[in-house]
Amino acid sequence: MRFTFVTLFPSIVEGYFSDSILSRAISAEKISIDFSDPRAKSTNKHKKVDAPMIGGGAGMLMTPQPLLDTIEEIREHSPEAHVIFLTPVAKPFRQNDAKRLVAKKHIVFVSGRYEGIDERVIESEADEVFSIGDFILTGGELAAMVLCDAISRNVEGVLGNSDSLTTESFEETLLEAPSFTKPKNYAEKEVISEFLKGNHSNITALKRELSLCKTKYFRPDLYQKIKTKGKL
């Protein structure tokens, strides 16, 4: 699976994929990462990619020409490219989106800077638009890396143990239950005794109860959804 980051700052993104699971996934050719800097496409003699907002407003916007030419070139060489813009003015990204998007052969993440991107670019080029939360970042690169990580984990062969995916938070609209490791007693805090008895059916039932408790406390919206569906 191929990921392309359209960004003015490729170095911000590049380092994230140099270690750990995603680095191994690249080495094993499960995923590939590349970059396209819209500044290289700017026709401005100073290679500017931003301009003041029409109608006034603080800050600058990324202008259409460099981004449109960059995306056009990507689509020309990769007709299957699925272009995603990252912006707080969008629907929230969810685990189901990560699982769905893994079916795409090539995903392009477009990261805004300054005060954002000229809306005409988004209207003409976005296949999807996502937000990772109700807060503002200095650029879209972090959000793009979040999506790339979440999607990549669902690519077959990326995780060492694919069973890990089935027990994670949001796979059943529940937050994941607490987990523990050795020693069973550390700093006067003990592992839940039922986890030590080896009865897997009891452990499974307890983990579900703990998941429900966590979800009810931290995400009452999800808990209410489960309750409405009669799955408690």
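Rule-based calculations on the coordinates, nothing more; no lab input. Just so it is clear, the structure is predicted and the values come from calculations on it, not from any experiment. Cβ atoms come from the backbone with ideal geometry, glycine included; neighbour counts cover every protein chain shown.
Can you give me the long-range amide H partners of VAL83? Hydrogens built in the peptide plane at 1.01 Å from N, cutoff under 5 Å, separation of 5 or more residues or another chain.
Excluding prolines and chain starts, which carry no amide H, the hits are VAL108, ASP127, GLU128.
Roughly speaking, what is the centre-to-centre gap between segment 70-99 and segment 199-218 when only Cα atoms are used, to the nearest Å?
36
Can you compute the modelled spin-label distance between HIS77 and PHE9, with each label point 7 Å from Cα toward Cβ, in nm?
Taking the simple label geometry, HIS77 and PHE9 are separated by 2.5 nm.
Amide H to amide H under 5 Å from MET60: which residues, 5+ apart in sequence or cross-chain, H placed 1.01 Å off N in plane?
The list, which skips near neighbours in sequence, is GLU115.
Express as a percent, rounded to the nearest 5, the fraction of DSSP beta bridges in segment 1-160 (both residues included) that run antiparallel.
Looking only at bridges with both residues in segment 1-160, the antiparallel portion is about 10 percent.
Assigning unit charges at the beta carbon (Lys, Arg +1; Asp, Glu -1) and nothing else, what dipole magnitude in debye, to the nearest 20, does segment 169-228 show about its Cα centre?
60
If each residue's Cβ is checked for other Cβ atoms within 10 Å, how do ARG113, ARG219, ARG39 rank with the fewest at the top?
Fewest-to-most ranking of ARG113, ARG219, ARG39: ARG39, ARG219, ARG113.
Could you size up the charge dipole of the chain around its Cα centre, putting +1 on the beta carbon of Lys and Arg and -1 on that of Asp and Glu, and report it in debye to the nearest 20?
In debye, rounded to 20, the chain gives about 840.
Excluding residues on the same chain fewer than 8 positions from LYS225, give the aspartates and glutamates whose Cα lies under 12 Å from its Cα.
GLU172
Compute the length gained on full extension between ALA205 and GLU29: take 0.36 nm times their separation in residues and subtract their Cα-Cα distance, giving the result in nm to one decimal.
Taking 0.36 nm per residue and subtracting the Cα distance, the gain is 59.5 nm.
Considering the dipole of the chain built from charges on the beta carbon (Lys and Arg +1, Asp and Glu -1) around the Cα centre, which of THR4, SER193, LEU137 is farthest to its positive end?
SER193
Can you put LEU222, LEU232 in order of Cβ neighbours within 10 angstrom, beginning with the fewest?
Ordered by Cβ neighbours within 10 Å, fewest first: LEU232, LEU222.
Which of SER23, ALA205, PHE109 sits closest to the plus end of the dipole of the chain, meaning its Cα is farthest towards the positive end, when Lys and Arg get +1 and Asp and Glu get -1 on the C-beta?
About the Cα centre, the residue reaching furthest to the positive side is ALA205.
From the cross-link list LYS104/LYS182; LYS41/LYS104; LYS30/LYS189; LYS99/LYS227; LYS99/LYS207; LYS182/LYS227, which pairs have alpha carbons spaced over 32 Å apart?
Those over the limit are LYS104/LYS182; LYS30/LYS189; LYS182/LYS227.
Give the order of TYR16, TYR223, TYR186 when sorted by the count of other beta carbons within 10 angstrom, beginning with the fewest.
Lowest to highest Cβ neighbour count: TYR186, TYR16, TYR223.
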